[in-house]
Structure formats: C-alpha cells, structure tokens
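The values are calculated or read from the model by the stated rules, or taken from the named source; none is laboratory data. Everything numeric here is computed off the predicted structure, so don't read it as measured data. So basically every Cβ, Gly included, is an ideal-geometry build from the backbone, and we count neighbours across all protein chains shown.
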Amino acid sequence: MHAMNNVRFEKKGAVAVVTIDRPKALNALNFETLKELQCCFYEIDMDREIGAVILTGGGEKAFVAGADIAHMQELDARAGAEFAELGHQVMSAVENLKQPVIAAVNGFALGGGCELAISCDIRIASENARFGQPEVNLGVIPGFGGTQRLPRIIGRGLAAELLFTGDMIDATEAHRIGLVNKVVLAEQLLPTCMTMAEKITSKGPVAIRLCKETMKNGLEMDIGRACRYEAVQFGQCFATSDQKEGMKAFLEKRRAEFTGE
Ligand code: CAA
C-alpha cells in the first residue's frame, strides 16, 4: 500500500479496516483523499486474504462531513463534473468491491459522507451519528450518487424529503427508515462491526463474493432475468471445493474448513 496522508489502512486477520482520517476537516473528501481511497480499494479488491472491509472515520465527531467545500468553492462547470466523476469512481469502487463492506458510521455522514455510507453493503451507526444530504443549502445537488442510491435504499418519498430539505436525521431515525442496520453505543461500534465482519469471513469466501455480486447485479435487472442469473451463479458454486467441503461437513456434523477455492 502506498503512503497515504488522509487514509489509514490496517489488516486485522481477514478484515481490512479503512479509516478516513482528516479529523481537522471532519474527514471531508478532498481530491487527495478521494485518490487515496481509490488506490486503497483497488489494492483491497486484489487481495485474496481480505474477506470483509470496515470503513470508518477518524476522530470522534465525523464519519465524513461531505465533499470538501473549500476545494469545491472555486470549481467551474467542467471541474465540477470532473470532481463528481472522481467521486463516482470511488463510490462505485466501494459498491463493486469483491468483499462486503460495512460502514461504521461514527458521527456526521453528510453529503458525500452519506453517499459513501450508502455505497457500502451494510451500515452500522453509533448513537451520535447524523445523516443528511445538505447540498441544497450550498446551492448544489449531491454529486457522488445521493440522488440515485438514497431512493433505492430508503424509497423515493423519504429520499425526496432528505434531498429537498437538506435536513439532518439522527441515528434512531436513520434506523427507523432502514438507512442503517443497527445503532450501538459509540464504544461498541467497531467491536460490533468487527464481530459481523469476522462472522462473514468465517463463511465460504467464494459464496460470499458470489452473494454480493449476484445481489448487486441482479438488482439492476427485471425479476425474471435476475432469477435466471441467480440460477447460473448458484451453478458456479458447484465448481468450487468450498461447496464440496461445506456440504460434506454438514453431513459429517462438523464445522466446514473453507479454503476459498
Ligand atoms: N468541507 C470542508 N471542510 C469542512 C466540511 C466540509 N464538508 N465540514 C466541516 N468542515 C471543517 C469546517 O470548515 C471546520 O474547519 P475550521 O476548523 O478550519 O473552521 C472543521 O471542519 C470543523 O467543522 P465545524 O466547526 O463546522 O464543526 P461543527 O461541529 O460546528 O459543525 C457540521 C459540524 C454540522 C458537520 C458542519 O461542519 C457542517 O455543516 N459541515 C458541512 C456539511 C456539508 O454541507 N456537507 C456537504 C458537502 S457538499 C457535498 O458533499 C457534495 C457532494 O455530494 C459531492
């Protein structure tokens, strides 16, 4: 991994923990941070030892407070589109990562920070987490996928309210509307995410990857095609030793020893 100024990367067994660490700017995503995240996700995707990823923010206040407003202030239309394009590449890199990604939302997740959280597979929030798409307060619209992924997760009406009012919601409300899977005490956030990530990495790695890929791609298809696609992907599992081992272990009443082959 290259030296990075704004992103920390650690491996804890088969779990990678990526921390966006610019607490002075509440972890706002500037150009350099986005580039570092891009490199980091590229390397994680290629690393077969990593079975799950936790993404969080440095410091106690913020997950990510948005795209960097100081960076964006002077952009013209073309540079604005290019900045959004880079943001989209990073969000897609998270969404398309082979490994499941859990967002450990430890504070403000606003604008580009909310967009990053909704690019992850699973969101777990601490009690002090806050979510919102406040772009309209700044005279712009979300540029890293907020107008697209938010309605796909919480539905059109609730997304429209958040997008048009710029209102911030707390962790309890985020949980109520299905934006986060659960809410825990701040000190329990990383341990809870780690327990879930370790549970995921204890399963057959090929199955986990195929599950993510099949769910993600199938959601873009009509239900008939998606189910046929699932059947093909299901068939792929039977070409793996993980399937042989998983089913043999069940019938022999022992724990499976998966190899990821
Ligand atoms: N960009 C750049 N700097 C930011 C930032 C951001 N998005 N959010 C916070 N900061 C900086 C502040 O400027 C401040 O810096 P200084 O100490 O140098 O003054 C520092 O972080 C601490 O922030 P505050 O003093 O404002 O902290 P607070 O506790 O009073 O308020 C907050 C916290 C409510 C999150 C507030 O910082 C805030 O409203 N931030 C902006 C949120 C926002 O509008 N995000 C959307 C950005 S647009 C976007 O993301 C577009 C897109 O979709 C791509």
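Structure above, values below:
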read-out	value
All positions within region 75-84 that are assigned to a loop (DSSP other than H, G, I, E, B) and either under 24 Å from the mean Cα position of the chain (by Cα) or within 13 Å of the ligand (Cβ to nearest atom) (or both)	75
The lone exception for residue 163 - which of (1) over 24 Å from residue 37 (Cβ atoms); (2) surrounded by 15 or more Cβ atoms within 10 Å (Cβ to Cβ); (3) within 11 Å of the ligand (Cβ to nearest atom) it fails	(1)
Verdict on residue 187 being modelled with pLDDT of 95 or more, loosely packed, with under 12 Cβ neighbours inside 10 Å and under 30 Å from residue 65 (Cβ atoms)	yes
Residue selected from region 99-153 under the condition surrounded by fewer than 18 Cβ atoms within 10 Å (Cβ to Cβ) and aliphatic (A, V, I, L, M), by the criterion farthest from the ligand (Cβ to nearest atom)	153
